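Here is the structure we will look at.
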Amino acid sequence: MITSQENDQLTQVGKGTLMGNLLRQYWHPIASASRLDQEPVIEVDLLGEELVLFRDRSGRLGLLERGCAHRQTSLGFAMPEENGVRCAYHGWVWDADGKCLEQPSEPEGSSYFERVTTIAYPARELGGLVFAYLGAGAPPHLPRYNVLVWDDVYRETNGTTVPCNWLQVLENLLDPAHIENLHGRYFGYVLDRTDPQEAEFFRSRIAPKPMKGMDFDLFEQGVIERHYCMDEQEHSWTTGSPIFFPSTAMMVRNEGSGTLIFVVPLSDDRTWFLEHRAMPLGGRPLPEGGAPYHDVPGTDSFGKLRVGTANGQDHMAVVTQGARTSRQREHLGATDAGLIMYRQLLLDQAQGFADGAEPINVHRGLAANRQIDAPPARTAEVNV
């Protein structure tokens, strides 16, 4: 059973917390690159920090503390300049390194701007997404997951802001036992009340089959979730769904076609859930404007949770646990082995980092800057 203290350690992501310090050793997506094409300066949140992301007129990305270091007015309203952004309040200009370049209201000849800086973090673009690194010192390589680096593919991203802690969202990915009930029985129940004809079709053609086996493996970069419904030859068993530590899931069946799921901790009680897909172009030209981004709300226009889709059902399941669920009140069963394994891995890695060890799946050195694929497929006896 998780104690209250352990639950705090697992879920608090702010600067100086055990998990917050660990999560700052990794790159996290913070925006779709196409959004910056529409609006070059945007407010973003990550790991409890309020930030502003921008692309200046020279094309350089910058990520700064949101409040201007002059009077704390939000730089989310700043104007892009050739080498930075200009605050809307008094016109102070900041570059991507956090240096102040100009202070129009200061006396002529003043060198005060040379002595003022703001917090700045590295930002990089890859595969149509912008990633941020909030750790101290030189950042590791930005992981080159296959879906992000394949050539000649069409990419698109769906994103949902989930009003709960990141670990609840991630643990849902390590819980195959919910599929048959939440996305089967419950989905049928919802359709019975809204579209009986569709409910009949769903049960006969689409509803998930009863699960016969599941297993969870540790590998050098994270955890693999495996399950099957018919036999051990299913892709979901042989290859499974690897969770690259700390919060990236990969689902790939064929070269050039796959999905990455990023679970991004915005704060202690807000998470960004991203599905980033790649599909073969099939001879078609690449679309203009980069990878499109679609915001998928978790509620309808009346604020009611959407439960008519699988993603909406997952959203309901994690949000109704509370903003930060009390894990000390749980009663876990045998099918919860994956999330138990993952919680222990998180605590072990966080404590190891606090003691001076490098956590897993941090990529440094020339050899580490390579395409990252799923671990090799395997066949093993079933653990239920």
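Computed from the coordinates by the stated procedures, all read-outs in this text should not be read as laboratory data. Being a predicted model, the structure only gives us computed values, none of them experimental. Methodologically, a virtual Cβ is constructed for each residue, glycine included, from the backbone with ideal geometry; neighbour enumeration extends over all protein chains shown.
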Fill in the blank from the handout: Checked segment 281-384 with the C-alpha gyration tensor, a ≥ b ≥ c its square-rooted eigenvalues, rounded below a/c of 1.5, otherwise prolate if a/b is larger than b/c and oblate if not; verdict oblate
Practice task
Work out the charge dipole of the chain with +1 on the Cβ of Lys and Arg and -1 on the Cβ of Asp and Glu about the Cα centre, then indicate which of L148, Q168, Q38 is farthest towards its positive end.
Solution key: Q168
Practice task
Sum -39500 (n - 2.57) across every DSSP H segment of at least 4 residues in the chain, then divide by the residue count to get the 222 nm mean residue ellipticity, nearest 500.
Solution key: -5500 deg cm²/dmol
Problem - Difference of contour (0.36 nm per residue) and Cα-Cα distance, T3 to E255 - result: 86.4 nm
Handout entry: Rg/Rh (Cα only; Kirkwood hydrodynamic radius) as it applies to segment 61-203
Key = 1.20
Exercise for the section: Let me know the shape class of segment 146-301, please: from the alpha-carbon gyration tensor, a ≥ b ≥ c as square roots of the eigenvalues, rounded when a/c is under 1.5, otherwise prolate if a/b is greater than b/c, or oblate. Expected result: rounded
Problem - Helix 310-319 vs. the chain, principal-axis angle (Cα, 0 to 90°, nearest 10) - result: 70
Practice task
Place the peptides 352-362, 54-64, 107-117 in order of packing, highest mean first, counting for every residue the other Cβ atoms within 10 Å and averaging per peptide.
Solution key: 54-64, 352-362, 107-117
Exercise for the section: Could you work out how far apart the two model spin labels at Q351 and M279 are, taking each label as a point 7 Å from the Cα in the direction of the beta carbon, and quote it in nm? Expected result: 4.6
Fill in the blank from the handout: Whole-Å distance linking the alpha carbon centroid of segment 290-306 with that of segment 223-257 is 26
Problem - Spatial separation of Cα centroids for segment 106-164 and segment 309-376, in angstrom - result: 22
Problem - Size of charge dipole - the chain - debye, nearest 20, with Cβ of Lys, Arg +1 and Asp, Glu -1, no other charges - result: 200
Handout entry: Label corresponding to volume of the Cα convex hull per residue in Å³ when calculated from the structure given, among (1) 173; (2) 125; (3) 133
Key = (1)
Handout entry: Packing-based order for 300-306, 242-248, 336-342, using average beta carbon neighbours within 10 Å, highest first
Key = 242-248, 336-342, 300-306
Completion exercise
Here, segment 27-133 modelled as identical Cα point scatterers in vacuum has Debye log10 I(q)/I(0) at q = 0.18 Å⁻¹ of -0.78
Exercise for the section: Please figure out what share of the DSSP beta bridges in the chain is antiparallel and state it in percent, rounded to the nearest 5. Expected result: 95
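Pairs of alpha-carbon atoms within less than 8 angstrom and 6+ residues apart define the contacts here; what relative contact order does the chain have, in percent? If you can, show how the numbers build up before the last one.
Numbers: 758 pairs, mean separation 83.4, N = 384.
That works out to 22 percent.
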Practice task
On a 0 to 90° scale, report how tilted helix 337-354 is relative to the longest principal axis of the chain, with both axes built from alpha carbons and the result rounded to the nearest 10.
Solution key: 30
Practice task
Compute the length gained on full extension between D195 and L332: take 0.36 nm times their separation in residues and subtract their Cα-Cα distance, giving the result in nm to one decimal.
Solution key: 45.9 nm
Practice task
Just subtract the alpha-carbon distance of A377 and A323 from 0.36 nm times their residue separation and send over the number in nm, one decimal.
Solution key: 15.8 nm
Handout entry: Förster-model FRET efficiency, 41 Å R0, E125 and N311, C-beta, rounded to 0.05
Key = 0.95
Fill in the blank from the handout: Given the candidates V190, V130, S236, the one whose Cα lies deepest towards the positive end of the charge dipole of segment 129-259, counting +1 at each Lys or Arg C-beta and -1 at each Asp or Glu C-beta, is V190
Problem - lysines whose Cα lies under 24 Å from that of K99, excluding same-chain neighbours fewer than 8 positions away - result: K15
Completion exercise
When the charge dipole of the chain is computed with +1 on Lys and Arg Cβ and -1 on Asp and Glu Cβ about the Cα centre, the Cα farthest towards its positive end, among Q25, T3, F302, belongs to F302
Fill in the blank from the handout: Among segment 90-116, those whose backbone N falls under 18 Å of a label point 7 Å along Cα→Cβ from E50 are 90
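Pairs of Cα atoms under 8 Å, at least six residues apart: use those to get the relative contact order of segment 27-133, whole percent.
27
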Completion exercise
For R60, placing the label point 7 angstrom along Cα-to-beta-carbon and taking segment 109-131, residues whose amide nitrogen sits under 18 Å are 113-125, 131
Practice task
Please say if segment 201-246 is rounded, prolate or oblate, where rounded means a/c under 1.5 for a ≥ b ≥ c the square roots of the C-alpha gyration tensor eigenvalues, and otherwise the choice is prolate for a/b larger than b/c and oblate otherwise?
Solution key: prolate
